[in-house]
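Structure, as structure tokens:
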Amino acid sequence: MTKSILMCAPKHFAVEYEINPWMHKDNPVQLDLAGKQWQQLHDIYSKKLGWDVQLIEPIEHLPDMVFTANGALLYKGKVALPNFRQPDRQPETEKFKQWFSDQGYDQMFLPKYNFEGEGDALIWNDILFAGYPWRTDKPSHREVADFLKIKTVSLQLADARFYHLDTALTIIDKSTVALYPKAFTKEALTLIHQLVPHVIEATDEDAVAYGLNSMSDGKNIVVPENANNLIQTYRNRGMEVTTTPISEFQKSGGGVKCLTLELR
Ligand code: ARG
């Protein structure tokens, strides 16, 4: 299935502040390498998979804008904008809003509560799985659900290293998700198992390699290169797996999925 996605080149990418457990100012990004890794992911999407890749202009002093997954959540052409928890990222909202309005999107909504876009909001069939509490407030789920008119299931996250839902859960296909069980509360895991027929469980090693931060279209999946067990599991299922390096983005707590926003 072909997808349309939004990316932002890492021109101004850096670890300038520390807002999640992966970020350390004394472990700086190698910008050249980040550029190569980003380009490789871009080319996998556009050349190998034939997806439509749109670009938003990177802005100086907004180093995390590369993580476009946090720039919005789209559903049926409607745009829920992000209300970022940390002041460092708050100016990004206006930039994403401008991009969407330049593209002609006219149904936009800014939640009152903190909400970090697709980072904490993954659509599976016609259900929205929404994460909290690290970066997104639970009451924002209702606001976004009412605006998008989509059935929403709130999932509580339990491990600060997996602070966005998309670091702990991958939508694989219509009947399958992959997840890192220890990143969820018992209640959240029960909800997922009640709804989703097939749940693939990731190992500690794969979760720490950001293996859950992958992009699947049901047949093709792009996975961070060191998530070895997941990679094998997907191959055994007959999926077309592409692996790619993300070391520089992981220094900021990001990976494949974080660098990708779906334009639905
Ligand atoms: N440094 C960024 C932050 O902490 C990383 C964002 C990762 N994005 C994501 N969708 N998980 O906000």
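Note on the range 245-262: residues that are closer than 28 Å to residue 26 by Cα and either aliphatic (A, V, I, L, M) or more than 16 Å from the ligand (Cβ to nearest atom) (or both) total 4. Give the residues of the range 86-108 that are within 16 Å of the ligand (Cβ to nearest atom) and surrounded by 18 or more Cβ atoms within 10 Å (Cβ to Cβ), sorted by residue number. Listed by number, the residues that qualify are 89, 92, 93, 96. Criterion applied to 24, 61 was being touching a His at 6+ places or on another chain (Cβ under 9 Å), modelled with pLDDT of 95 or more and exposed (fewer than 13 other Cβ atoms within 10 Å of the Cβ), and the one residue passing it is 61. In the range 114-131, the residue that is surrounded by the most Cβ atoms within 10 Å (Cβ to Cβ) out of those that are within 14 Å of the ligand (Cβ to nearest atom) and of a type outside the set (A, V, I, L, M, F, W, C) is 120. Selection of the range 238-264 for residues being in contact (Cβ under 8 Å) with a residue 40 or more places away in the chain, more than 16 Å from residue 23 (Cα to Cα) and of a type in the set (D, E, K, R) yields 257, 262, 264. When residue 221 is tested against (1) touching a residue at least 40 places away in the same chain (Cβ under 8 Å); (2) within 16 Å of the ligand (Cβ to nearest atom); (3) among the β-branched types (Val, Ile, Thr); (4) touching a helix residue (DSSP H, G or I) at 6+ places or on another chain (Cβ under 6 Å), only condition (2) is not met. Considering only residues in the range 151-178 that are more than 25 Å from residue 77 (Cβ to Cβ) and within 14 Å of the ligand (Cβ to nearest atom), the one that is surrounded by the fewest Cβ atoms within 10 Å (Cβ to Cβ) turns out to be 160.
Assess whether residue 7 counts as being within 20 Å of the chain's Cα centre (by Cα), surrounded by fewer than 17 Cβ atoms within 10 Å (Cβ to Cβ) and closer than 25 Å to residue 51 by Cα.
For residue 7, the condition - within 20 Å of the chain's Cα centre (by Cα), surrounded by fewer than 17 Cβ atoms within 10 Å (Cβ to Cβ) and closer than 25 Å to residue 51 by Cα - is not met.
Only helices (runs of 4 or more DSSP H) whose full extent lies in the range 174-264 are considered here, and the ones with at least 3 residues that are more than 14 Å from the chain's Cα centre (by Cα) are 186-195, 204-208, 228-236. For the range 142-166, a residue qualifies if it is assigned to a loop (DSSP other than H, G, I, E, B) and among the β-branched types (Val, Ile, Thr), and exactly one does: 150. For the range 76-92, the candidate set comprises residues that are basic (Lys, Arg) and outside any loop (DSSP other than H, G, I, E, B); within that set, the residue that is nearest to residue 261 (Cα to Cα) is 78. Of 111, 139, all but one fail to be in a loop (DSSP other than H, G, I, E, B), away from the ligand (no atom under 15 Å from the Cβ) and closer than 26 Å to residue 253 by Cβ; the exception is 111. Going by the conditions given, is residue 236 farther than 18 Å from residue 118 by Cβ, of a type outside the set (Ser, Thr, Tyr), modelled with pLDDT of 95 or more and touching an Asp or Glu at 6+ places or on another chain (Cβ under 7 Å)? So residue 236 fails the test. Scanning the range 132-150 for any residue that is crowded, with 19+ Cβ neighbours inside 10 Å, closer than 19 Å to residue 213 by Cα, of a type in the set (A, V, I, L, M) and at pLDDT 95 or above turns up nothing. Every condition in (1) away from the ligand (no atom under 14 Å from the Cβ); (2) of a type in the set (Gly, Ala, Ser); (3) under 18 Å from the mean Cα position of the chain (by Cα) is met by residue 71 except one, and the failing one is (1). Going residue by residue through the range 168-176, is there one that turns out to be at pLDDT 95 or above, among the charged types (D, E, K, R) and within 23 Å of residue 3 (Cβ to Cβ)? Taking every residue of the range 168-176 in turn, at least one turns out to be at pLDDT 95 or above, among the charged types (D, E, K, R) and within 23 Å of residue 3 (Cβ to Cβ).
The values are calculated or read from the model by the stated rules, or taken from the named source; none is laboratory data. Because the structure is a prediction, the values reported are computed rather than measured. Every residue, glycine as well, gets a Cβ built from its backbone with ideal geometry; the counts of neighbours run over all protein chains shown.
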